[in-house]
Each structure stands twice: as C-alpha cells, then as structure tokens.
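Only the coordinates and a few stated rules stand behind these numbers; no lab work does. Computed from a predicted structure; not experimentally measured. Cβ sites come from the backbone with ideal geometry, for glycine too, and all protein chains shown count toward neighbours.
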Amino acid sequence: MAAINWFPGHMHKARKDIADIMPHMDIIIEVLDARIPFSSENPLIPALRGDTPCIKLLNKTDLADPQLTERWVAALEQKQGVKALPISKKNPEQIRQLLTLAESLLPDRNLDLRPIRAVIMGIPNVGKSTLINTMSGRTIAKTGNEAGVTKAQQKIKLDNGIILTDTPGFLWPKLNPPSCGFRLAATGAIKDTVFDYIDIALFTAEYLLRAYPEALKARYGIAELPETDLEVLELIGVRRGCTRKGGSVELQKVSSILITELRAGLLGPITLETPEMTLVEEELAKKEEAERARLKEENDRMRRLRARKNRK
C-alpha cells in the first residue's frame, strides 16, 4: 500500500500562524480523536508548545472503545504538563469540564485582571468547531463532516473569561509511521479524494480481524470469519449484495460500505490503536528512518567519489 500524505497550502500557513501566536498563549488545547489518539496527535506541537500547559481532549469517545480510552488517558498524562480529558458531543457537560480544568492549570491567575489565553488546535474533522460552539453556548465556528472546514484563526471570548483562539485543522508534511495515514483516512481526517478506499478498507479489515472479530461477525452476519483481509471484504460484499454478474465482488463498493459504517460507529465502539502498538510502530519507524538516512549518506559518498575520479 502506498503511504498517504495530505498537506495542502492552507495547512502550511496554519502551522506558521500557530507558531507566531504560541509564545503569547497560557494554555494549549489539542483535540484528538479518541479512536486514534496517537495518529491524531500532531508531532509538530511539542516543538511549538515548549513548557506551556496542554490539555489533550479525546473527542468522539462515544465511538471509541471505553477500556482503551482509559488506557490512552493514562498514557497521555505521563507527559510533563499534560492533562487528558475524554469527551463527546453527546455529553455537553463533559465538554464544559474543560473550562474548569483550564482554570485549575493556572491557579494563581486573577481572571478579573488578566483572562486566560488559550489556543485550540487539532487535525481536520476531529470535531473542534462543535466543541467550541458547545463551550461558548452559541454557534460561532463553522462545522461540517469533512476535513478542512476551518480556514483561518478567530478569537472567541468564553463566559468564564477565557479568550480562546481557534485555529484551522492541520496535519504534518510526512505521516510517519505510515499506518498513521491509514488510520487518519479511515476515521475521516483526510479528504476521501486523496486515498484509495480499497487500500484503507483492507488495512481496516486486517485490524478488525485481529482486534474486533466479534464486531465484524455481529455487523455483517458472519458465523465464521475468514483468515485474510481480502476474504473479509469479499464476504461482506456477498452479504451486502455488492456483486457483479458471475459473482465477483465490487471491492470499491464494499470498501466504501465498511469505512462509512466504521466512521458512523455502526460496528460498535472501536479504537484503531493501542499505546503498546504505537510504541512498537514508532520504534520501527525510527529504525527505518535511520536506515534511509544511512543509505542516503552512503549514496552521497559514492557520488562524491565518482565525481572526484571523473575530474582526474
């Protein structure tokens, strides 16, 4: 499967704009997708953040595996200065807890004299705009079930005195490990025109076979699961009538069904990664990156040697 990358021009601008305002912020609020807390956590933010307190919001917990959400909260809070809060738009009271948590991170601040300046950021389609509207009690931020709705920064004054700077969702130039790109695509953080549905469905089916076999059985009426991701898609295709004359399965059609139903939570609460799994992936990605750097250095050295010989 080809690696997925999506970094349009407005995301590059968003990154630069956030870097400009970061030194003036008291608190950073990063909205994560509870189904993919690692893949939706922007690796560029630690460098931008410095020592500024950070609240990680695990949004869409109604779609995520509750046991894994608890484990992710514990894993995220191991980082210095980070608090994690699971939330869902179905529970507005959870969202409003954020305001109290933000105040608790700056206990000595007199809000009457100096309001808390917070910046909220997150990947595309993570639900950031819906959260802002809930916190403010009115429709301020434009919402939409697609990646890349917010295009520019805006300042919002909340009732408790917090001044919130909303920022456009942005990804990063290289999605690494590559599996992050597939999970982001599966959950809707990347525009559907950027990837191949069949690749994403195969990736998803392979994971569900290992981690949530009973969810597959229950959703698609499968008594006994096959062994491979392709066989899973073909079986779902037969169950859903996605077949051509002669009985072959329309893989594009069944792939769209699987991804659409996963995003809607119709397979039940599912989390696509665990803390332990992502640690292994991260370590492997570092080794592969180091090997690519070594090969590049070796190739560069050989080119320099050949150039010297040609000059003689």
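Values computed for the structure shown
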quantity: Cα lying deepest toward the dipole's positive end in the chain, options Leu305, Leu68, Ser248, charges on Cβ; calculated: Leu305
quantity: Vicinal HN-Hα couplings computed from phi for segment 186-201 (Karplus, 6.51 cos²θ - 1.76 cosθ + 1.60; Hz; Gly/Pro x); calculated: 4, 8, x, 7, 10, 4, 4, 6, 8, 10, 9, 4, 5, 4, 5, 5
quantity: Those residues of segment 261-286 whose amide nitrogen sits under 20 Å from the label point placed on Gln78, 7 Å along Cα→Cβ; calculated: 271-286
quantity: Relative packing of 230-242, 54-66, which averages over residues the other C-beta atoms within 10 Å, highest first; calculated: 54-66, 230-242
quantity: Relative contact order computed over segment 9-166 (Cα-Cα under 8 Å; 6+ residues apart), in percent; calculated: 24
quantity: Estimated FRET transfer efficiency (Ala285, Arg306; beta-carbon r; R0 25 Å; 0.05); calculated: 0.20
quantity: Rounded to the nearest 20 debye, dipole of the chain from Cβ charges on Lys, Arg, Asp, Glu; calculated: 1560
quantity: Dipole magnitude of segment 9-166, debye to nearest 20 (Cβ charges: Lys/Arg +1, Asp/Glu -1, about Cα centre); calculated: 400
